[in-house]
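In what follows, a single structure is set out as structure tokens and then discussed.
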Amino acid sequence: MTKYYTVFQIYIYIVGEKVIGRQGKRKDQQMSATQTATIWLHDYANKFAEKQPDKTRLHLPPCLTKASLYEMYKDDMEEHAEQTISLSHFYWMWRNCVSYVSIPANSRLSKCNICTQIKTKMVETKDQNARMELKRTREQHLLKQSLERRKYYKHAHKARQHPDKYMSMIIDGMDQSKTEIPHFLYLSSLTAGMWKLRTHLVGALVHGVGLYGFFDWYQYAHSSNLTIHVILSILLMTKDSLPDVLYLQMDNCARENKNRYGDTVCIKNK
């Protein structure tokens with residue numbers, strides 16, 4: 001008995017102790033799989049999630065669910081012959097190790113129409129072929145979003161590093177309901193029905209230069225004229241240090257932005 005115990009201790013000293021978990025797997029293997037899953041989710045969020053302007057959080061697109069992310073993680077791991085963790089452990093890992101990543105039920109920002117449509121169809125359909133096609137559509141859509149976001153960050157970085165060569169400008173209008181005057185922190189039955197002055201705000205961020213705001217009270221039509229006015233006003237205010245290249249980022253609104261008038265102004269001033 002003593003001899004066996006001595007041999008066993010020597011074996012442990014040379015090889016190292018192997019702790020078996022509840023599922024019959026070595027504990028070091030489980031820890032390695034958890035770390036791999038954590039890195040996978042972190043990288044996925046950095047690629048596809050939206051950074052919040054005032055918080056260190058990442059919001060994933062609304063067309064995703066935790067279960068669908070787990071399926072993507074499993075497929076990716078199996079494709080590379082990597083060990084996977086269970087669904088419940090994936091949820092635990094997300095909650096405790098990657099808590100800064102979330103899929104918000106109610107986003108402060110407007111949701112993507114395509115993402116919402118895909119998620120609705122995924123819930124409604126039970127046909128496996130249709131679901132596979134929706135998954136492919138979702139992957140292509142998210143990849144396109146990711147590439148556009150990377151290009152925008154690249155342009156912003158170039159403008160901050162080389163302001164003598166590049167200018168990066170992003171323009172967007174604010175949600176109308178948040179700029180009505182007077183604006184109350186807490187609504188009551190009295191203030192909810194009160195007449196409010198409708199106020200419109202167009203914000204423009206010039207990376208490395210400053211933040212600009214343009215207010216109106218709907219006395220002007222919100223067409224391409226307003227967008228062109230904002231662009232030319234900013235260029236006029238920064239006329240003493242204008243570079244040769246202007247990167248312009250605007251939302252996909254044909255009425256205000258992406259139409260022949262906006263394109264003509266950009267081409268004429270090229």
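Brief remarks follow.
- Only one of the listed residues (Leu190, Leu201) is assigned by TED's automatic domain parsing to the domain that holds Pro243 and more than 29 Å from Tyr261 (Cα to Cα). That residue is Leu190.
- Number of residues in the range 188-205 that are surrounded by 10 or more Cβ atoms within 10 Å (Cβ to Cβ) and either touching a residue at least 40 places away in the same chain (Cβ under 8 Å) or over 25 Å from the mean Cα position of the chain (by Cα) (or both): the value is 7.
- All conditions but one from (1) under 23 Å from Thr56 (Cα atoms); (2) touching a residue at least 24 places away in the same chain (Cβ under 8 Å) apply to Leu147; the one that does not is (2).
- Scanning the range 69-110 for residues that are in contact (Cβ under 8 Å) with a residue 40 or more places away in the chain, in a helix (DSSP H, G or I) and either closer than 27 Å to Gln52 by Cβ or polar (S, T, N, Q) (or both) yields a total of 4.
- When Lys135, Lys66, Lys119, Lys111 are checked against the criterion of being of a type outside the set (Asp, Glu), surrounded by 13 or more Cβ atoms within 10 Å (Cβ to Cβ) and at pLDDT 90 or above, Lys66 stands alone in meeting it.
- As for the range 210-223, it holds at least one residue that is out of contact with any strand residue (DSSP E or B) (no Cβ under 8 Å at 6 or more places or on another chain) and closer than 14 Å to Met250 by Cα.
- Any hit, the range 146-154, residues being surrounded by 12 or more Cβ atoms within 10 Å (Cβ to Cβ), in contact with a Phe, Trp or Tyr (Cβ under 8 Å, 6 or more places away or on another chain), assigned to a helix (DSSP H, G or I) and among the polar types (S, T, N, Q): yes
- Selection count, the range 46-65, where residues are assigned to a loop (DSSP other than H, G, I, E, B), out of contact with any helix residue (DSSP H, G or I) (no Cβ under 7 Å at 6 or more places or on another chain) and within 23 Å of Thr120 (Cα to Cα): 3
- Highlighted here are the strands (runs of 3 or more DSSP E) found entirely within the range 167-270 that include at least 2 residues which are modelled with pLDDT of 90 or more and farther than 25 Å from Cys112 by Cα: 210-216, 245-250.
- Candidate set from the range 206-223 (those that are among the aromatic types (Phe, Trp, Tyr) and either in contact (Cβ under 8 Å) with a residue 24 or more places away in the chain or within 30 Å of Pro163 (Cα to Cα) (or both)); member that is surrounded by the fewest Cβ atoms within 10 Å (Cβ to Cβ): Phe215
- Selection of the range 161-175 for residues being more than 14 Å from Leu242 (Cβ to Cβ) and either loosely packed, with under 13 Cβ neighbours inside 10 Å or in contact with a Leu (Cβ under 6 Å, 6 or more places away or on another chain) (or both) yields Gln161, Ile170, Met174, Asp175.
The values are calculated or read from the model by the stated rules, or taken from the named source; none is laboratory data. Just so it is clear, the model here is predicted, and its values are computed rather than measured. Glycine gets a Cβ as well: all are built from the backbone with ideal geometry, and neighbour counts include every protein chain shown.
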